[in-house]
Amino acid sequence: MTMPRSIILGCGSYLPERIVTNDELAQRVDTTDEWIVERTGIRQRHIAEEGQLTSDLALAAAERAIEHAGIDVDDIDLVILATTTPDQTFPSTATKVQAALGMSNGAAFDIQAVCSGFLYGISTADAFIRSGQARTVLLIGAETFSRILDWEDRGTCVLFGDGAGAVVLQASANGADKDNDASAGHNQERGVLSTHLHSDGKLNNLLYVDGGPSSTQTVGHVRMVGREVFRHAVTNLAAVVDEALDANSLEREDITWIVPHQANKRILDSTARKLGVSPDRVVTTVDRHANTSAASIPLALDAAVKDGRIKRGDLLLLEAMGGGLTWGSALVRW
Ligand code: ACO
């Protein structure tokens, strides 16, 4: 029996209307536009309005992805939502989106892997599809990260933003999809070619939130040892790119687009340099969106699909690193 392949049928995203510039932040904390742009490449971020929840952002992105995919809500049998900023400790934000979409069937759950959440989500969705447990999966990355920032800590509050992105994945038996050429090799066919996930819990003190239901009964604020995170990010991200290529007998030159987690322009540039990949092949939105954690990859993906850069048949390498530490990759033939 041939195992089905997970095809990404469509994508969508949503950003809150309110834009906060670096100059505006400089009125709140001791920083400057020049410092932020030079160290991070960030020029602005979108921030959710009071009362606008992660589930609201997620729903807007999901509706756009469903429309782009050309499917019916009733086709979806699994909703996975990657977030670090759920509406409530429980129930999962995924179940709130499921209800808002009017779904009464299927299953829904959240995934927590901070900035790597969307990749943990793709890997999970792909496993559900390959095993036959789900046929159509709505995968969302959504964050109101502004709610867990310490707005007096200039070392972290300038780095993050709010937003949501979503994709619809659907099972397609190898060779059976009309866009898949049965005679083509494994790595030429459309869909998710592989995913690789990693974590090293010994490093969880480099990037964390100083609160939680079980420890402090508060939500807490983001704390980070920036330099150490930077160092691990460049090493780990270059390694997962090679791991993904090796697993599929592909070369760095075969990658059409790297769609990275948008943490910091310097991390994107250093990783590209280490890989010998031109920065022109790296989809970059960090200047406009800042770091939206689990939402950043689907936001970048949607931007590059909708402006026509990403085309059918392109080879996409998605990669991320975040708190945990967690990191990983997904190789996708669009
Ligand atoms: N404005 C002005 N000065 C600042 C600011 C700011 N916003 N933030 C920190 N500084 C100061 C510090 O106080 C320090 O001053 P001091 O020398 O007087 O003590 C000085 O700048 C240097 O601080 P560093 O933290 O050493 O600065 P660095 O060059 O490492 O840049 C940064 C900091 C941008 C956070 C960098 O470490 C980084 O990008 N790290 C990666 C972290 C990241 O992207 N995390 C996102 C989540 S994880 C992920 O998604 C991969």
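Things worth noting here:
- Strands (runs of 3 or more DSSP E) completely within region 1-105 that count 1 or more residues being under 15 Å from GLY141 (Cβ atoms) and more than 16 Å from the ligand (Cβ to nearest atom): 4-14, 44-46, 78-82
- ASP280 being more than 15 Å from the ligand (Cβ to nearest atom) and either of a type in the set (Asp, Glu) or in a helix (DSSP H, G or I) (or both): yes
- Within region 207-237, tally of residues that are assigned to a loop (DSSP other than H, G, I, E, B) and either in contact with a Cys (Cβ under 7 Å, 6 or more places away or on another chain) or of a type in the set (Gly, Ala, Ser) (or both): 4
- Extreme residue, farthest from the chain's Cα centre (by Cα), among residues of region 130-151 that are of a type in the set (D, E, K, R), within 19 Å of GLU50 (Cα to Cα) and open to solvent by 10 Å² or more (accessible area, probe 1.4 Å): ASP150
Residue by residue, here is whether (1) of a type in the set (Ser, Thr, Tyr); (2) more than 16 Å from the ligand (Cβ to nearest atom); (3) free of Cβ contacts under 8 Å to residues at least 24 places away in the same chain; (4) outside any loop (DSSP other than H, G, I, E, B) holds:
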{"site": "VAL241", "(1), (2), (3), (4)": "no, no, no, yes"}
{"site": "ALA244", "(1), (2), (3), (4)": "no, yes, no, yes"}
{"site": "LEU250", "(1), (2), (3), (4)": "no, yes, no, no"}
{"site": "VAL259", "(1), (2), (3), (4)": "no, no, no, yes"}
{"site": "ALA295", "(1), (2), (3), (4)": "no, no, no, yes"}
{"site": "LEU301", "(1), (2), (3), (4)": "no, yes, no, yes"}
{"site": "ARG309", "(1), (2), (3), (4)": "no, yes, no, no"}
{"site": "GLY328", "(1), (2), (3), (4)": "no, no, no, yes"}
{"site": "LEU331", "(1), (2), (3), (4)": "no, yes, no, yes"}
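- Filtering region 83-110 to residues that are touching a residue at least 40 places away in the same chain (Cβ under 8 Å) and among the hydrophobic types (A, V, I, L, M, F, W, C) leaves ALA94, VAL97, ALA100, LEU101.
The values are calculated or read from the model by the stated rules, or taken from the named source; none is laboratory data. The model shown is predicted, which means the values in this text are computed figures rather than measured ones. Neighbour counts are summed over all protein chains in view; Cβ atoms, including those assigned to glycine, are modelled from backbone coordinates with ideal geometry. Surface areas here come from the heavy atoms of the whole protein model, side chains and all, with no ligands, DNA or RNA. Shrake-Rupley method; radii C 1.70, N 1.55, O 1.52, S 1.80 Å.
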